[in-house]
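The values are calculated or read from the model by the stated rules, or taken from the named source; none is laboratory data. Computed from a predicted structure; not experimentally measured. Cβ placement follows ideal geometry from the backbone for every residue including glycine, while neighbour counts extend to all protein chains displayed.
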Amino acid sequence: MPLTVEGARDFIARAKEAMDSHKDYLTQLDSAIGDADHGINMSRGFGKAHEKVSSGSYGDLGGLFKDVAMVLMGSVGGASGPLYGTFFMKISMKLAGKTEASVEDLREAALEGLNGVLALGKAQPGDKTMVDALQPALEAMKGRAGEAEALEAAVKAAEEGMLATVPMLAKKGRASYLGERSVGHQDPGATSSYLLLTCLRDAVLGVSS
């Protein structure tokens, strides 16, 4: 069940819906340890990305995800714009020329995206960032026999990684300025990453939205 160009459009449509429906929740999480704008920024960014790709014509997955990256870089404020923009830009480069991508292709592309995020943000696992959801998700996909099994494992690991940020001390971004006061709060970036992986799983598997 490869991801096609139309499947990628569906993924971005689902991401828009997820960010819209969780906008207040993400903002609430961010209000505790950030600028209280993560939900607003992600909702706006994926709204614009959906608008862009739903009307565009694409010969490959790389072109579609490049447009997503450019829109996110230009419309999402704070650190999230450059980080998510870099994530999708690296994915677009890995999937350039491909009209469909297997789950293993997607894992390899997302790993490139994660490496881009690590290079840009200088965050490591345990720093209370989006990395804490993304890295375990991609690790969980390795060696899985079935594509559905791999995607389900990724989402489960991302959720566990997201929840594991609650007791962490933030070491990056505005949350790091709070020191010990950042402990006890779930990271909004890890949460939005979990939501995106859920949307990708559902788009690939054709789950009813």
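Across the range 30-52, the qualifying residues are those that are modelled with pLDDT of 90 or more and among the hydrophobic types (A, V, I, L, M, F, W, C), and the one among them that is farthest from the chain's Cα centre (by Cα) is Ile40.
Among the candidates Ser55, Ser21, the residue that is surrounded by fewer than 17 Cβ atoms within 10 Å (Cβ to Cβ), modelled with pLDDT under 95, over 17 Å from Gly77 (Cα atoms) and more than 14 Å from the chain's Cα centre (by Cα) is uniquely Ser55. Does at least one position in the range 178-189 carry a residue that is assigned to a helix (DSSP H, G or I), touching a His at 6+ places or on another chain (Cβ under 8 Å), touching a residue at least 60 places away in the same chain (Cβ under 8 Å) and crowded, with 23+ Cβ neighbours inside 10 Å? For the range 178-189, residues assigned to a helix (DSSP H, G or I), touching a His at 6+ places or on another chain (Cβ under 8 Å), touching a residue at least 60 places away in the same chain (Cβ under 8 Å) and crowded, with 23+ Cβ neighbours inside 10 Å: present. Kindly indicate whether Met70 is part of a helix (DSSP H, G or I), surrounded by fewer than 21 Cβ atoms within 10 Å (Cβ to Cβ) and of a type outside the set (Asp, Glu). Yes: the conditions hold for Met70. Pro125 passes every criterion in (1) surrounded by 23 or more Cβ atoms within 10 Å (Cβ to Cβ); (2) within 16 Å of the chain's Cα centre (by Cα); (3) not basic (Lys, Arg) apart from (1). Of the listed requirements (1) under 19 Å from Leu195 (Cβ atoms); (2) outside any helix (DSSP H, G or I); (3) free of Cβ contacts under 8 Å to residues at least 24 places away in the same chain, Ala140 misses just one: (2).
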